[in-house]
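Working notes, beginning with the structure itself.
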Amino acid sequence: MTSTAPALDAVSRSTRSPSSSTSMYAYDARDYDIARLVWQVCDQCCRGSINKISISPEWQRRGVGRRLISRALRDGPGYTWSTSGQSPEAKRFFPALTAETGTAFPEYGGGCVHFDDDRRRPIGSPIPAPAPRFERHV
């Protein structure tokens, strides 16, 4: 059975492009980094991708991952979502999350051509540094 995690604070950084990429770090009450989620959404194609999720072992199965994914889903409500490669733990996590949210998260479920836009930037060109955004009680 999954126990409920206490309130968490999170800091996110998001690029400003049609296929925005966001990295979010969650912290416990002692300001320890306990989780990270990286996702992208493409508003043009109505697609989202979970690219990385990692939770400290002592915080797993306490609802942290669900809360972070729920936060990502707010950036693309009703979008088609997929994930990058999935670890054995993720292969159990994402089907359970699909059952709860009704949103499927197929592994390598098809992306969007816009997701590669940042990788096509010429070498040496400046990468805009996004300002961090603090979110309380993710």
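The values are calculated or read from the model by the stated rules, or taken from the named source; none is laboratory data. In this text the structure is predicted, and so the values were computed from the model without any measurement. Using ideal geometry, Cβ is built from the backbone for each residue, glycine included, and neighbour counts are taken over all protein chains shown.
Among all positions in the stretch 56-66, there is no residue which is of a type in the set (F, W, Y), in contact with a Cys (Cβ under 8 Å, 6 or more places away or on another chain) and modelled with pLDDT of 90 or more. For the stretch 65-101, the candidate set comprises residues that are part of a helix (DSSP H, G or I) and of a type in the set (D, E, K, R); within that set, the residue that is nearest to R47 (Cα to Cα) is R71.
Considering (1) in contact with a strand residue (DSSP E or B) (Cβ under 9 Å, 6 or more places away or on another chain); (2) without any contact (Cβ under 8 Å) to a residue 40 or more places away in the chain, the lone condition that L68 does not fulfil carries the number (2). The listed residues are S82, S17, S70, S23, and the only one of them that is at pLDDT 90 or above, surrounded by fewer than 18 Cβ atoms within 10 Å (Cβ to Cβ) and within 26 Å of G110 (Cβ to Cβ) turns out to be S70. Please specify each residue of the stretch 23-51 satisfying the condition of being in contact with a strand residue (DSSP E or B) (Cβ under 7 Å, 6 or more places away or on another chain), in a strand (DSSP E or B) and over 22 Å from R62 (Cβ atoms). Answer for the stretch 23-51, where residues must be in contact with a strand residue (DSSP E or B) (Cβ under 7 Å, 6 or more places away or on another chain), in a strand (DSSP E or B) and over 22 Å from R62 (Cβ atoms): Q40, V41, R47, G48, S49, N51. Being in contact with a Leu (Cβ under 7 Å, 6 or more places away or on another chain), free of Cβ contacts under 8 Å to residues at least 40 places away in the same chain and surrounded by 14 or more Cβ atoms within 10 Å (Cβ to Cβ) is not true of I55.
Evaluate the following for S125: is it part of a strand (DSSP E or B) and either modelled with pLDDT of 95 or more or not hydrophobic (A, V, I, L, M, F, W, C) (or both)? No: the conditions fail for S125. Being at pLDDT below 95, in contact with a helix residue (DSSP H, G or I) (Cβ under 7 Å, 6 or more places away or on another chain), surrounded by 11 or more Cβ atoms within 10 Å (Cβ to Cβ) and over 17 Å from Y25 (Cα atoms) is a property that C112 lacks.
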